[in-house]
Structure formats: structure tokens, C-alpha cells
Amino acid sequence: MDFVMAFIVGGFICLIGQILMDTTKLFPAHILVIFVTLGAILSGLGLYQHLVDVGKAGATIPITGFGHNLVTGVIQEVDQYGLLGVFTGALKSAAGGITAAIVFGFLMALLFNPKSK
Amino acid sequence: MPVLTKEQQDYKKFSKSKRPKPPLLKNMTMAFVVGGTICVIGQVFLSFFIAKGLTPSQAAGPTSIIMIFFGAFLTGTGVYDKLGKYAGAGSIVPITGFANSIVSPAMEFKREGYVFGVAAKMFVVAGPVLVYGITSATIIGLIYYLLHML
């Protein structure tokens, strides 16, 4: 059942992105920025967690889930450390993902060359 | 805005009507199916880590790391860009697309050197995502902090 819900929720989030791309002049970079911000706002309002409960990976794998991850990290750290947590929470919680993106991204770019189109 | 003559307005309408419209329904279907499938692959790892004893929120971390690895690797090998031609947002919105947005320009600008080429261009798209993501999360954190102080 988790797999079906992941497919539906994840697919639906991507579908919204596709509609935005086809009906507006937004670039993929705009879509990513809008979605990460939207994920953060929905998470701050306490709504995104419901989507994660229902869609599991379908809600955490899209980039909106990255925004949610940043916000849950901040809120946890604020609960624990107060004002300092406002500054440390987001990156602490996303440390694994950001490090993986930088290190794997850099290594793959060194290893491979662009394919001629 | 310059005032257009009748002919210019007609031509504008005419050229707009001839511009190819994106096949919306097909694109939407492809985005849904590919995006959904990537999330199902993510769910396989998420379920695996939960079965290993992690809580769902702990398991999301290693799952993202693995998906980012696949996104970066498949971009390097050229597979991801082929997928992207058909999948549109279905390959952009998942975290694998974030990895793709890092590796793709980094490879492309390798000839400009390892500092100003690879390392700088890695963040052409990822940079804005981090800036807006981290800033909005921090503002939300500050609001949360202030609300709980009162």
C-alpha cells in the first residue's frame, strides 16, 4: 500500500510541476525554487507532515520534501536550543542530503564527460 | 508598451495560434508516471531502512542520500538526460533531479577549469534552491521561536 500511495502522491506533485512548466514560461530552476519554498511553507503550517504520513517517499523524495526537511529540522532545534536553533536547525537536518549532493555531484562531474547530443 | 496597429495585432494573434502547443495531456501523464516511479524506488529504500529499525523520519535521510547518488550517477552516464526528454517535471521535481541539476552544468563547463568551471557551475540551479530553501526555513523557524516565546 505504501508503494501505491508513494506513486500517486509523488506522481501528483510532479504533475503540478509539469502543468506549471507547460502553461507558464517558468524554467526548471524556477520550478525547483518554487517547490522547495512551497514545501517549507506548507511544513511550517503543519500541512506537509500529513502528506508525508499518507504518501511516505512520495512526499519526501520530491524537492518539496527537502523544504519540509529543512523546516522540521529548524523546529526541532528551536525546541531544544531556542534562538540558536533558528540558525543551526535547517542545515543540521539536511546535512546528509546536501553533503551527498555536493560530493557525489563533484565526483560524477570529474569522472564523466557530457555526451554529445 | 508600444501601441500596435490593427495589422500588428492581427499578426500577433496569428503567430500565437501557429506556435506549437505543448502536448499537455501527454506531458502530464509522463511526468506523473516517471515522477511516481522514482518515488516508488525511493519507497523501496525507505521501507528497507524502516525494516532495519529506523523511524520513518530517520529513514528519510539515508534514502535521500542513495537517491542523490543514483541521480548523479545516471546524469554522468547520460541516462538521466534521456529520461528527462520524455519525463519533463517527472525527472526534475524529485531529489534525483536536484542531483541532475548539479552534475549536468558541472560536466558541461569542465573546460573552464575545476574552480570556475566544475565547482562554480555545480550551483547554477542548486545554489538558488539552497538559498530559497534555507532562507524560508530560517524565517519560519524565527516565527516559530517568537510565537513560542509569547
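Which residue out of B:56, B:20 is surrounded by 11 or more Cβ atoms within 10 Å (Cβ to Cβ), over 21 Å from the mean Cα position of the chain (by Cα) and over 14 Å from residue B:96 (Cα atoms)? Step by step, each of B:56, B:20 is checked, and only B:56 is surrounded by 11 or more Cβ atoms within 10 Å (Cβ to Cβ), over 21 Å from the mean Cα position of the chain (by Cα) and over 14 Å from residue B:96 (Cα atoms). The residues on offer are A:71, A:86, and the sole one that is under 11 Å from the mean Cα position of the chain (by Cα), facing chain B (nearest Cβ under 7 Å) and touching a residue at least 12 places away in the same chain (Cβ under 8 Å) is A:71. Selection of helices (runs of 4 or more DSSP H) fully inside segment B:46-107 by the criterion of at least 1 residues being more than 7 Å from chain A (Cβ to nearest Cβ), farther than 21 Å from residue A:14 by Cβ and out of contact with any Asp or Glu (no Cβ under 9 Å at 6 or more places or on another chain) returns B:56-76.
Residue-by-condition table, conditions (1) touching a residue at least 60 places away in the same chain (Cβ under 8 Å); (2) more than 8 Å from chain B (Cβ to nearest Cβ); (3) surrounded by fewer than 24 Cβ atoms within 10 Å (Cβ to Cβ); (4) within 17 Å of the chain's Cα centre (by Cα):
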| site | (1), (2), (3), (4) |
| --- | --- |
| A:13 | no, no, no, yes |
| A:21 | no, no, yes, no |
| A:36 | no, no, no, yes |
| A:51 | no, yes, yes, yes |
| A:65 | no, no, no, yes |
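Among the criteria (1) within 27 Å of residue B:22 (Cβ to Cβ); (2) more than 7 Å from chain B (Cβ to nearest Cβ); (3) not β-branched (Val, Ile, Thr), the one residue A:43 does not fulfil is (1).
Look at (1) within 16 Å of residue A:13 (Cα to Cα); (2) without any contact (Cβ under 8 Å) to a residue 60 or more places away in the chain and you find that residue B:30 fails only one, number (2).
The set of residues in segment A:89-117 that are under 16 Å from the mean Cα position of the chain (by Cα) and of a type in the set (D, E, K, R) contains only A:92.
Of the residues B:118, B:79, B:129, the single one that is more than 18 Å from residue A:59 (Cα to Cα) and touching a helix residue (DSSP H, G or I) at 6+ places or on another chain (Cβ under 6 Å) is B:118.
Values quoted throughout were computed directly from the atomic coordinates according to the rules given, and no laboratory measurement underlies them. Quantities reported herein were computed from a predicted structural model and do not represent experimental measurements. Ideal geometry is used to build each Cβ from the backbone, glycine not excepted, and the neighbour counts take in all protein chains shown.
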